[in-house]
Amino acid sequence: MRLLLLAPPGAGKGTQGERLAAWSGARHIAAGDLLRAQAQVDDPLGREIAACQARGDLVSDQIVIDVLTPAVVEAAAHGGYILDGFPRTLPQAHAAADLAARLGVTLDAAVYLHAPEAVLTQRLLDRAHQSGRSDDKADVIRHRLQVYAETTGPLVPYYDERGILVAVDADQPPDSVTADIQARLARLAGAPGR
Ligand code: ADP
């Protein structure tokens, strides 16, 4: 199975991504995690990524594409992928489509997790206590939600126009969100159990 998760910060992409990977046998590829790992490296690339993440700004498309491509190529050959946090801009969506075409694969669905902004903010503030993430602070959270609305939001109509958008209410307990996604995906060809 090949999916991408489209969602604002705090909607539960990471949690659902892991569950969907375990369920489908596809690999969970989390852009934020791969970038955070790269940000640990003390070199110009690592420092650039760390600075963007701490501000809540997006890392440049080229860096993201360079970091993500090897993982996508590898996963495409081993049961597929659940992309979590990539693509996040229209240029990244075009790059992801080009890569899939080069690999001879297509996307089964773009799962869009939505929840009211007040719910997202509260979840992120609650998580801030234990996450230790440089971007889980009130002002940075506000900025991340703004960046999402301006830059990633346009991907919702982009995938809808391509007929693969699956919109799910993320303002429910995690198990209910998982069940809703699985029920919707079960109707698609290539889903587990088909
Ligand atoms: P969240 O969705 O909660 O903000 P992520 O771990 O997905 O958490 O992303 C954290 C940060 O990593 C983003 O604010 C951004 O700086 C960087 N990042 C993640 N994915 C991308 C991407 N596809 N393009 C650019 N930057 C990204």
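The values are calculated or read from the model by the stated rules, or taken from the named source; none is laboratory data. What you are looking at is a predicted structure, and each value in this text was computed from that prediction instead of being measured. Neighbour counts run over all protein chains shown; Cβ positions are idealised from the backbone, glycine included. We work out accessible area using only protein heavy atoms, side chains counted, and drop any ligands, DNA or RNA first. Shrake-Rupley method; radii C 1.70, N 1.55, O 1.52, S 1.80 Å.
Some notes on this structure:
- Residues satisfying the stated conditions in the stretch 40-58, i.e. in a helix (DSSP H, G or I), of a type outside the set (G, A, S) and surrounded by 16 or more Cβ atoms within 10 Å (Cβ to Cβ): I49, C52, Q53
- First in the stretch 13-41 and of a type in the set (K, R), second anywhere and surrounded by 18 or more Cβ atoms within 10 Å (Cβ to Cβ) and part of a loop (DSSP other than H, G, I, E, B), Cβ under 6 Å, 6 or more apart: K13/A7
- Selection count, the stretch 26-38, where residues are over 10 Å from D84 (Cα atoms) and either surrounded by fewer than 21 Cβ atoms within 10 Å (Cβ to Cβ) or acidic (D, E) (or both): 5
- When each of V156, V119, V166 is tested for being within 30 Å of A186 (Cβ to Cβ) and either outside any helix (DSSP H, G or I) or open to solvent by 60 Å² or more (accessible area, probe 1.4 Å) (or both), the lone residue that passes is V166.
- Among all residues of the stretch 3-25, there is at least one that is of a type outside the set (F, W, Y) and over 17 Å from the mean Cα position of the chain (by Cα).
- Counted residues, the stretch 59-84 - those being of a type in the set (V, I, T), open to solvent by 40 Å² or more (accessible area, probe 1.4 Å) and within 12 Å of the ligand (Cβ to nearest atom): 0
- Looking only at the stretch 85-109, and only at residues there that are within 17 Å of the chain's Cα centre (by Cα) and of a type in the set (G, A, S), the one that is farthest from the ligand (Cβ to nearest atom): A109
- Scan the stretch 85-116 for residues that are open to solvent by less than 10 Å² (accessible area, probe 1.4 Å) and assigned to a helix (DSSP H, G or I) and the total you get is 2.
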